[in-house]
Amino acid sequence: MDHERKNRPLTSRHLLGLEGLAAEEIKTILDASEAMKEILDRPIKKVPTLRGVTVVNLFFEASTRTRISFELAEKRLSADLVNFTKIGSSVSKGETLLDTARNIEAMRVEVVVIRHQSPGAPGFLADRLHSVVINAGDGAHEHPTQALLDMLTLRQKFGDLKGLRVAILGDISHSRVAMSNVYGLKAMGAEVMLCGPPTLMPRNIDALGVKVSYKVDEAIAWADALNVLRLQLERQQSALLPSLREYALTFGITLQRLGKAKRTPVILHPGPINRGVEIESAVADSDASVILDQVTNGVAVRMAVLVLLSAPEVLM
Amino acid sequence: MCSDLALKESINRSRGRPRPRLRIYHPLSWSGEIGKGVQKCHPPARGGISFMEGMRVNFREKAKLVDAEGIRRTLTRLAHEIVERNRGSQNLAIVGMRTRGVFIAERLQKLIKEVDGGDVPLGVLDVTLYRDDFRLKLKQPQIQVTHIDFDIDEKNIVLVDDVLYTGRTIRAALDALMDLGRPARIQLAVLVDRGHRELPIKSDFVGKNVPTSIGEEVRVRMAEHDGEDAIYLVERVDKEEGKSNGS
């Protein structure tokens, strides 16, 4: 039976990103997530913790997993929630982000979960609103809850993140998931490798203190776990790839490729999957894949973040 | 006049001037690292020490009430009482409440086996998410895993905690247990009952009744967690010396 561990409280009242978060703070969130996971396995999957807390999900960008996951997390904690999507809102009438957020806050909302196409949008709101702001993905900046659930999944699989070799594959330069994972994993003492075509690799990537490779086979041979990113077709304005087929042939993860390595790494994918592009169907559905565990963990991680950040009474 | 003020305030707001300061209870409001527009504030005055847990309050040891041998005897008696009241240990289950209730529950489980020979399932309950002061506390909660890997439906549950005080933690535990199933019966076993109940809750098995005053607290120390088995009576040391009622 595990005994009491005192965890360090989070130092920020918002979750804008994993950059700058200490290992102990990440551990606090991951440990709380384990407690939340137990709730998800109960016949009555609900606790009364956030009764009376109102959360607004401001989604300026399309999302399936993240939004449903946040919604479920809020409902399981008995919070009240309001959903906002860009389509059908006054944003199409030209209302600014700040005005939208201030107006919603004026309706007495304690927590704002925001996804926005512009990097820094959650930080912008955090400086101006009195609510707690949780970043659900901002442009190519960060997606902290995704990285937290990736780390939770890895910790469950490997026990400890320290010294773990994680390769992040694919479209690094357009990926907020990659950035958050790099910050989080580095803080937890894991080794990180970024791998992808040079056109999809940000400049000065070495400054992050990660390994960089342009050969997918090298990454597979090195890594304990592969986090395969989605090729963000909607974010690519100029021709960075010759063709999708070319990408699938040179960077796609296939059973054949994995077969060449001595051991098969664990496969993660933040979803949605472009089957047959960055990852072969057979790999996504194989035993090595923990993609659906990630989704389950996503709800637990978001519950933990919501509880930890909205625990203190914030009177509007 | 009132509406004038409201109008002024809304104009100020629209001009981007700082909004009136808000009362925000937050751990960071103590360290001053919190964002703009947040005032440092003091917790509302309220009786009871449970509320003060998050703050640095000094305690002075007043008396050692029970030593290791005393705890051993008390737990042995409790185990006998539990077996007697439940006519054996069939259909019984023990649930320890974090933190020290867990160690007491572990020991009761062993003692019940010695008394009755039956293996009683043991669970661990963390009630943080059910607490009524969840949103009043000044510190972030320490959320830990509830671990009950047996079916509690139709079981006789003995809920175990170290100190029974206001009864609020037990209220939370009852809610938490009900969410896990429908036990036939829930009984409460505590090592110390220190009085001052705020809810109509009574324990079925009491190790020791300790009448206390509000400024005092009972500290149970368990070898597994604190390095020794003992029960202490401590009193709060206020800044104004006159307030502490030294006897």
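The values are calculated or read from the model by the stated rules, or taken from the named source; none is laboratory data. Everything numeric here is computed off the predicted structure, so don't read it as measured data. Cβ placement follows ideal geometry from the backbone for every residue including glycine, while neighbour counts extend to all protein chains displayed. Ligands, DNA and RNA are stripped out before the accessible areas are found, and what is left, the full protein with its side chains, is counted by its heavy atoms. Shrake-Rupley method; radii C 1.70, N 1.55, O 1.52, S 1.80 Å.
Examine the stretch B:125-139 for a residue that is farther than 20 Å from B:Leu164 by Cα and of a type outside the set (A, V, I, L, M), and state whether such a residue exists.
Looking for residues that are farther than 20 Å from B:Leu164 by Cα and of a type outside the set (A, V, I, L, M), one finds at least one in the stretch B:125-139, hence yes.
How many residues are under 23 Å from A:Ile291 (Cα atoms), open to solvent by 90 Å² or more (accessible area, probe 1.4 Å) and at pLDDT below 85 if we restrict to the stretch A:226-263?
Residues meeting the conditions: 1.
One line per residue, one yes/no per condition, for (1) out of contact with any Leu (no Cβ under 8 Å at 6 or more places or on another chain); (2) open to solvent by 30 Å² or more (accessible area, probe 1.4 Å):
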| site | (1), (2) |
| --- | --- |
| B:Leu75 | no, no |
| B:Leu92 | yes, no |
| B:Arg107 | no, yes |
| B:Lys113 | yes, yes |
| B:Gly117 | yes, yes |
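Can you pull out every residue in the stretch A:177-195 that is of a type in the set (D, E, K, R) and either within 18 Å of A:Val228 (Cβ to Cβ) or crowded, with 24+ Cβ neighbours inside 10 Å (or both)?
Let us first name the residues in the stretch A:177-195 that are of a type in the set (D, E, K, R), namely A:186, A:191.
Of everything in the stretch A:177-195, just one residue is of a type in the set (D, E, K, R) and either within 18 Å of A:Val228 (Cβ to Cβ) or crowded, with 24+ Cβ neighbours inside 10 Å (or both), namely A:Glu191.
Filter the stretch A:296-311 down to residues that are within 17 Å of B:Tyr130 (Cβ to Cβ) and at the interface with another protein chain (Cβ under 9 Å from one of its Cβ atoms) and give me whichever is modelled with the highest pLDDT. Lay out the reasoning, then the answer.
Residues of the stretch A:296-311 within 17 Å of B:Tyr130 (Cβ to Cβ): A:303-304, A:306-308, A:310-311.
The next check asks that each one be at the interface with another protein chain (Cβ under 9 Å from one of its Cβ atoms); those that pass are A:304, A:307-308, A:310-311.
Working: A:Ala304: 96, A:Val307: 92, A:Leu308: 91, A:Ser310: 81, A:Ala311: 63.
Once the filter is applied, the top-ranked residue is A:Ala304.
Looking at the stretch B:58-165, what strands (runs of 3 or more DSSP E) fall wholly within it and have at least 2 residues that are away from every other protein chain (no Cβ under 12 Å) and out of contact with any helix residue (DSSP H, G or I) (no Cβ under 8 Å at 6 or more places or on another chain)? Can you show your working first?
Values: elements: B:58-66, B:92-97, B:122-125, B:156-164.
Per the criteria, B:58-66, B:156-164.
Looking at B:Arg131 and the list (1) modelled with pLDDT of 90 or more; (2) closer than 20 Å to A:Glu38 by Cα; (3) open to solvent by 10 Å² or more (accessible area, probe 1.4 Å), which single condition is not satisfied?
(1)
Kindly check whether there is at least one residue in the stretch A:133-146 that is polar (S, T, N, Q) and within 14 Å of another protein chain (Cβ to nearest Cβ).
no
Is one or more of the residues making up the stretch A:275-287 on the phi > 0 side of the Ramachandran plot and without any contact (Cβ under 8 Å) to a residue 60 or more places away in the chain?
Here is the first cut: in the stretch A:275-287, the ones on the phi > 0 side of the Ramachandran plot are A:276.
Now narrow it down to the ones that are without any contact (Cβ under 8 Å) to a residue 60 or more places away in the chain: A:276.
Checked the stretch A:275-287: at least one residue is on the phi > 0 side of the Ramachandran plot and without any contact (Cβ under 8 Å) to a residue 60 or more places away in the chain.
Which of the residues belonging to the stretch B:191-232 are part of a strand (DSSP E or B), more than 14 Å from chain A (Cβ to nearest Cβ) and charged (D, E, K, R)?
B:Asp193, B:Lys208, B:Glu216, B:Glu217, B:Arg219
Please enumerate the residues belonging to the stretch A:123-143 that are among the charged types (D, E, K, R) and open to solvent by 10 Å² or more (accessible area, probe 1.4 Å).
Within the stretch A:123-143, the subset among the charged types (D, E, K, R) is A:127-128, A:138, A:142.
A:Asp127, A:Arg128 - these are the residues of the stretch A:123-143 that are among the charged types (D, E, K, R) and open to solvent by 10 Å² or more (accessible area, probe 1.4 Å).
Among the residues of the stretch A:215-225, which ones are open to solvent by 50 Å² or more (accessible area, probe 1.4 Å) and assigned to a loop (DSSP other than H, G, I, E, B)?
Hit for the stretch A:215-225 is A:Lys215, nothing else.
State yes or no: is B:Ala176 within 14 Å of chain A (Cβ to nearest Cβ) and surrounded by 18 or more Cβ atoms within 10 Å (Cβ to Cβ)?
Judged against the criteria, B:Ala176 is a match.
Please go through the stretch A:264-283 and give me each residue that is within 24 Å of A:Leu241 (Cβ to Cβ), open to solvent by 10 Å² or more (accessible area, probe 1.4 Å) and not in a loop (DSSP other than H, G, I, E, B), ordered by number.
Matches in the stretch A:264-283: A:Arg275, A:Ser281, A:Ala282.
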